[in-house]
Amino acid sequence: MLKRMQISANGLVQGVGFRPYIYNLATKLSLSGFVQNNTSGIFIDIEGSNSSLNEFLTCLVNTPPPHAIIEDIQYTTLPPKGYKDFIIEESALKENNTTMICADISTCPDCLKELFDPMDLRYRYPFINCTNCGPRFTIVKDIPYDRINTTMSNFNMCHDCNSEYHDPRNRRFHAQPNACPVCGPQLMLLNNEGFAVQTQDPISTVCTLLHDGKIVAVKGLGGYHIACDALNSKSVSLLRSRKYREDKPFAVMMENIKTVNKFCFVNAKEETLLLSTQRPIVLLKKKCGCTIPHDIAPDNLYLGVMLPYTPLHHLIIRESGLPLVMTSGNVSDEPIAYKDTEALERLKGIADYFLVHDRDIFMRCDDSVVKMVDDKEMIIRRSRGYAPFPLRLQYTFSKPILACGAFLKNTFCLARGNHAFLSHHIGDLENTETMNSYETAIEHYKRLFSIEPEMIAYDLHPEYLSTKYALAQRDDMFKIGVQHHHAHIVSCMAENGIHHKVIGVAFDGLGYGDDGNFWGGEFFIADLSGYQRAGHLDYVPMPGGEQAIKEPWRMAISYLYQIYSSDISSIIMPFPPHFTGEPKTIVDHPKIKVLLKMLSQRIHCPLTSSMGRLFDGVASLLDLQHFVNYEGQAAIKLESIADERETGHYPFGINTNAGAHCNRLIVIQWQPVIKHIIEDMQHGIASSIISARFHNSIVDMVYQVCIILRNSKGVNDVVLSGGVFQNNFLLSRLVKKLKLQGFTLYSHKKVPCNDGGLSLGQAVIAGERSKTCA
C-alpha cells in the first residue's frame, strides 16, 4: 500500500548536509519524491510503503546529520502522486524567510585526513571542505543557502568537483563551498606594500618567515588574524608596539591537545571545548613555569588557547611546528579587517607580510571566547562558530524587535516568534569603523532572516552610539528605552527560561540609572517587564567621569576621600608610582591635589554605585594597576593574585532604611572594607591575602543582602549577571555559599554575562512592554 507525505522541517537544516542526508535515506528505503531548500527550511515530498515512510520519519527525528538542529517537523498525508525516483530539486523561494543560517564549522576529520594525504586530489589544499565542515555564515550573501548566494559563486566547479557535487554517495554531495586546486580559491603572499612575493609554496614561505620572527597577516574565515611565533619574545613585543595593544592578552593557536598540555592545565571539559566544532578560544590556567612569554598575557593567570579550525591553520601550524599568536587583524579598538584592500591599508604598519586568498569574506566575524567555571561553560564572547544561530526561548515575541545593545562589547539582537538572533561580536562602539560594521551587520541580519522590526529597544545612556542609532530610526517604529542592569538580569532569565520574579544581582562597570547616576552594584526584584531597585552599593564620586574608568587611581583617591576627607594626608602609601617625584604622602602629588579639589567642590564628579569601580579602586590601593589599557584589566589583576586558601573577609555596613519611606532601599556601605584594607596594608599583610579577603567580602555582601530580600520579599531565586561575574574566584565562592542556604541560582551559559549579552535582555523587556502598550 503506497502512501505519500509532505514534510516540512524547520531549524538549522541548511548548510549542514541535510538534503544529501535525506536523499540517501530515501534511496536506501526505496522511497521516491524530492527534497528542496526553501526560505522556511527543508521541504520533502515523498512516497512509498507505509513501513518505509515510518522508518524515514523515525530516522529524520532521531538521527539527523551531525550539525543539524531540527526544531519542528510538520507533515501531512496525501494520495500518492506516482514519483519514479528521488531527487534534490532547485531551492524554492518564498516571500517570508524563517530559515536559519549555519555558523562556520571547523575542519572535519575526513577533510583533515585528505589534507595530509599525498595521494589525495586536495593534498595540502587550504580550502578543502565538505557538507560537514567549512565556511558558512561568513560567506553567505542571502538565502536560501545555495552556492549562487555565497562568495563561492565566482568559482565555477571543475569536472571532478561537479561530479562530487552531484554524486549522492559522495561526502561533497551538494556541498556549496566545494572546490579543489584546479577550480577553487588560491593563496598569494604579499609584502606590506601589497606586492606579490614570488614563491612556489606560500605556506612554506610563511612558515619560514614566522621562524625568522616576522609578523604575518593571515586571511581566515571571518577576517584577518595577525600571527607571529608565540615563543619569540621579541616578535610578541614588536607586535604589541605595532598594534598599540599595550597589555590586553593575545590568543595563541596550538596544534593539538598534547601541545596545549605543555603550557596549560586542561581538564576533560576544557578539552571537549577545544575540540568542539565551534573551536573557540578557551581560557586555560597557565602551568607553573609556562614558557609562553609573559608579554602574551601580562599579569594574567589564564592563557587564551584555540586549536586550528581551517585547513590553512592546520597547514601552517603543522609545518611550522610553532604555537602561534593569532590575534584579531586590527589596530587597537577597530573592527577586524576582512576585505583585502582594507586589510592592506590598515595593517601594513603591523604586518611584514600578508597571506591572502581570493575567496571573499562577506561578513566579518571574530573568534569566540569561552571558559569553564566549576565545570560549567561560560561564554565570554559569542561569535564565530556560534553566531548567527538563534536562541530558542521559552518566550514568544508578539512583534519583531531590534535590540541595539550597549556601548562596550556590543551585540545586537533581532527577535521574532520564539527566536532571538543574537549577533556576532561587534565590539566597542567608539569609532566610525565599528559603527559602520554595526549598521552593516544589522541590515545583513534583517535580510538573511527576513525580519523587519516594528519595535526598537535601546540603552538609557543618551551618549551611547547604539542609543543614538535607535533614536534616529524611522518615526513609526515603537522605541523603548531599557535600563542597563534590568537588561542584564533579563538576559540571564531569558536564556534560563525564567518568567517569575527573581532577586537580580547585576555587578558591572557602570550603566545609566533612573536617577541619572551611574549604577553598577545593583540588587533588583525583577521580572521580564519591570523591576524594583532593592539595594545597591553606596554611591561614590567618579572624579573626572570617564577618565576614572581609565585611571583607577582616581577611584582609589575618591574612596579614601569619602572616608578620611581632610585627614587623607595621614595616609602614607607607595601610591601611585607613575607620578614624578617621591613624596611621602598622598596629598603631596600635584595631580592628586587637583583631584582632591575636584572632590571637595564636586567638580565633574558623577556618582556611581559600580562594583567594577570598587574593584578598580582596591587594585590601585594595592599598587597593582593605576592605569588600564583595556576594560577589566585592574580587576583581572586583583583576581590573579588572590590567595585561594584565605577564608577571611572584611566587615561592611548594611543600611536597610535608605530611600523614601514608600521605597526602602538597602545600601551597602563599603567604607569599612576600605578602612580594613588600609589597616592590613599598614601592618604589612600580603596583597594576595588582602585581595582574597576583599573578594570574600563581596561574596558575603551578596549573601547577606539576598537573605534580607528573601525574608522581606519572599523570593528565593537569584540571577547573577554583569561583567564582574566573569571573575572565577568571586563566582565560585558566591554560588557555593548561596546554594548552601537553599537559594536557587541562575547564571549565564549561552550568552555572555558582560555587555555582549545585554541586547537579548533588551529584546525580551521590549517584547513584554509591548504587550501592555498594545
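The values are calculated or read from the model by the stated rules, or taken from the named source; none is laboratory data. Everything quoted here is computed from the prediction, not taken from an experiment. Counting neighbours? That spans all protein chains shown, and the Cβs are built from the backbone with ideal geometry, glycine included. SASA here: full protein model, heavy atoms, side chains in, ligands and nucleic acids out. Shrake-Rupley method; radii C 1.70, N 1.55, O 1.52, S 1.80 Å.
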Based on this model, can you work out whether residue 235 counts as in a helix (DSSP H, G or I), open to solvent by 50 Å² or more (accessible area, probe 1.4 Å) and of a type in the set (Gly, Ala, Ser)? no
Answer yes or no: is there a residue in region 526-533 that is closer than 24 Å to residue 623 by Cβ and out of contact with any Gly (no Cβ under 6 Å at 6 or more places or on another chain). no
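Residue 164: surrounded by fewer than 18 Cβ atoms within 10 Å (Cβ to Cβ) and touching a Lys or Arg at 6+ places or on another chain (Cβ under 9 Å), yes or no?
no
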Among the residues in region 250-260, are any of a type in the set (Ser, Thr, Tyr) and in contact (Cβ under 8 Å) with a residue 60 or more places away in the chain? yes
Just checking: which of the strands (runs of 3 or more DSSP E) contained wholly in region 458-526 hold 3 or more residues that are closer than 19 Å to residue 760 by Cα and touching a Ser or Thr at 6+ places or on another chain (Cβ under 9 Å)? 478-482, 502-512
So, in region 96-153, of the ones that are touching an Asp or Glu at 6+ places or on another chain (Cβ under 6 Å), part of a loop (DSSP other than H, G, I, E, B) and of a type in the set (D, E, K, R), which residue ends up farthest from residue 175 (Cα to Cα)? 120
Can you pull out the residues in region 693-714 that are under 31 Å from the mean Cα position of the chain (by Cα) and in contact (Cβ under 8 Å) with a residue 40 or more places away in the chain? 693, 694, 695, 696, 697, 698, 699, 700, 701, 702, 705, 706
How about region 469-518: which of its residues are under 25 Å from residue 609 (Cβ atoms) and either of a type in the set (Asp, Glu) or out of contact with any strand residue (DSSP E or B) (no Cβ under 8 Å at 6 or more places or on another chain) (or both)? 508, 514, 515, 516
Taking the conditions exactly as written (open to solvent by 10 Å² or more (accessible area, probe 1.4 Å), under 21 Å from residue 742 (Cβ atoms), of a type outside the set (D, E, K, R) and out of contact with any helix residue (DSSP H, G or I) (no Cβ under 9 Å at 6 or more places or on another chain)), does residue 704 satisfy them or not? yes
Anything in region 149-208 that is aromatic (Phe, Trp, Tyr) and in contact with a helix residue (DSSP H, G or I) (Cβ under 9 Å, 6 or more places away or on another chain)? List them, or say none. 155, 165, 173
Out of all the residues in region 642-652, is one or more modelled with pLDDT of 95 or more, open to solvent by less than 10 Å² (accessible area, probe 1.4 Å) and within 32 Å of the chain's Cα centre (by Cα)? no
In region 331-354, residue surrounded by the fewest Cβ atoms within 10 Å (Cβ to Cβ) [restricted to those that are part of a loop (DSSP other than H, G, I, E, B) and more than 19 Å from the chain's Cα centre (by Cα)]: 349
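Rundown of residues vs (1) closer than 23 Å to residue 220 by Cα; (2) surrounded by 21 or more Cβ atoms within 10 Å (Cβ to Cβ); (3) touching a residue at least 12 places away in the same chain (Cβ under 8 Å); (4) charged (D, E, K, R), yes/no style:
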site	(1), (2), (3), (4)
140	yes, yes, yes, no
148	yes, no, no, no
151	yes, no, yes, no
156	yes, no, yes, no
159	no, no, no, no
173	no, yes, yes, no
176	yes, yes, yes, no
180	yes, no, yes, no
184	yes, yes, yes, no
Might you check whether a residue that is among the aliphatic types (A, V, I, L, M) and in contact with a Cys (Cβ under 8 Å, 6 or more places away or on another chain) occurs anywhere in region 756-766? yes
Selection from region 424-457 of residues that are part of a loop (DSSP other than H, G, I, E, B) and either over 17 Å from the mean Cα position of the chain (by Cα) or surrounded by fewer than 16 Cβ atoms within 10 Å (Cβ to Cβ) (or both): 430, 431, 449, 450, 451, 452, 453, 454
Quick check on region 725-734. Is at least one of its residues surrounded by fewer than 19 Cβ atoms within 10 Å (Cβ to Cβ), in contact with a strand residue (DSSP E or B) (Cβ under 9 Å, 6 or more places away or on another chain) and farther than 15 Å from residue 535 by Cα? yes
Does any residue in region 78-99 that is modelled with pLDDT of 80 or more and open to solvent by less than 50 Å² (accessible area, probe 1.4 Å) come within less than 6 Å, Cβ to Cβ, of a residue that is acidic (Asp, Glu) and part of a loop (DSSP other than H, G, I, E, B) six or more places away or on a different chain, and which pairs are these? 91/146
Quick one: how many residues across region 695-724 are small (Gly, Ala, Ser), assigned to a helix (DSSP H, G or I) and farther than 24 Å from residue 619 by Cα? 1
Which ranges mark the helices (runs of 4 or more DSSP H) fully within region 586-692 that have 1 or more residues being touching a Leu at 6+ places or on another chain (Cβ under 8 Å), in contact (Cβ under 8 Å) with a residue 24 or more places away in the chain and under 30 Å from residue 712 (Cα atoms)? 611-621, 671-682
Please indicate, with yes or no, whether at least one residue in region 742-751 is open to solvent by 30 Å² or more (accessible area, probe 1.4 Å) and over 23 Å from the mean Cα position of the chain (by Cα). yes
Got a sec? Which of 513, 504, 521 is touching a His at 6+ places or on another chain (Cβ under 7 Å) and open to solvent by less than 20 Å² (accessible area, probe 1.4 Å)? 521
Across region 737-774, the tally of residues that are of a type in the set (Val, Ile, Thr), touching a residue at least 60 places away in the same chain (Cβ under 8 Å) and assigned to a strand (DSSP E or B) stands at 0
Given the conditions (1) part of a helix (DSSP H, G or I); (2) open to solvent by 10 Å² or more (accessible area, probe 1.4 Å), report the number of the one that residue 36 does not fulfil. (1)
